[in-house]
Amino acid sequence: MTREFICIVCPNSCRLTVTETAGSITVSGNECPRGEKHGIHEYREPTRMLTTTVAIAGGVLPRLPVISREEVPKALIGRCLRVLYKMKVSAPLKCGDIIVKNICNSGVDVIASRSMDLRPEAGT
Ligand code: SF4
């Protein structure tokens, strides 16, 4: 099987061709060894950082930016986003607070990527 990817490790954006034959994987089109590693990773188990926002009650802003602590399997990104879009957290929260532990059983926590103070009138 052969698949093609764009290497996203540096701005060069090399076009990678990853071929699996008899259990061995080869990468071509990479201009450096990091591209080979990236191509194999993309072929075997693609992962991405998850960044989005969740609704927040009582905050100085209506939505809180969140990020996964580590990369999440690409196949789970859609499910994770649906979970996050449906939820609403409450201010105040600190940068790094856990918003969802082990999201979609990925083994990865989603955390606040900024602090959010309570809106002054929301606390009275
Ligand atoms: S293969 Fe190397 S040079 Fe090409 S985009 Fe990837 S990291 Fe950059």
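Exactly one of (1) surrounded by 16 or more Cβ atoms within 10 Å (Cβ to Cβ); (2) more than 16 Å from the ligand (Cβ to nearest atom); (3) part of a loop (DSSP other than H, G, I, E, B) is unmet by residue 54. Its number? It is condition (3) that residue 54 fails. Highlighted here are the strands (runs of 3 or more DSSP E) found entirely within region 1-40 that include at least 2 residues which are within 14 Å of the ligand (Cβ to nearest atom) and more than 24 Å from the chain's Cα centre (by Cα): 24-28. Filtered by the rule that a residue be closer than 9 Å to residue 54 by Cβ, surrounded by fewer than 18 Cβ atoms within 10 Å (Cβ to Cβ) and within 15 Å of the chain's Cα centre (by Cα), region 85-105 gives a lone residue, 85. The condition (being out of contact with any helix residue (DSSP H, G or I) (no Cβ under 9 Å at 6 or more places or on another chain), in contact (Cβ under 8 Å) with a residue 12 or more places away in the chain and surrounded by 14 or more Cβ atoms within 10 Å (Cβ to Cβ)) is satisfied by just one residue among 29, 35: 35. Look through 75, 112, 91 and report the one residue that is closer than 25 Å to residue 42 by Cα and among the small types (Gly, Ala, Ser). The match here is 75. Are any of the residues in region 106-121 touching a residue at least 40 places away in the same chain (Cβ under 8 Å) and surrounded by fewer than 14 Cβ atoms within 10 Å (Cβ to Cβ)? Taking every residue of region 106-121 in turn, at least one turns out to be touching a residue at least 40 places away in the same chain (Cβ under 8 Å) and surrounded by fewer than 14 Cβ atoms within 10 Å (Cβ to Cβ).
Taken together, 78, 23, 58 contain a single residue that is on the phi > 0 side of the Ramachandran plot and in the same structural domain as residue 116 (by TED's automatic domain parsing), which is 58.
The values are calculated or read from the model by the stated rules, or taken from the named source; none is laboratory data. These numbers were taken from a predicted model, which means no experiment stands behind them. Positions of Cβ are backbone-derived with ideal geometry, glycine not excepted, and every protein chain shown enters the neighbour counts.
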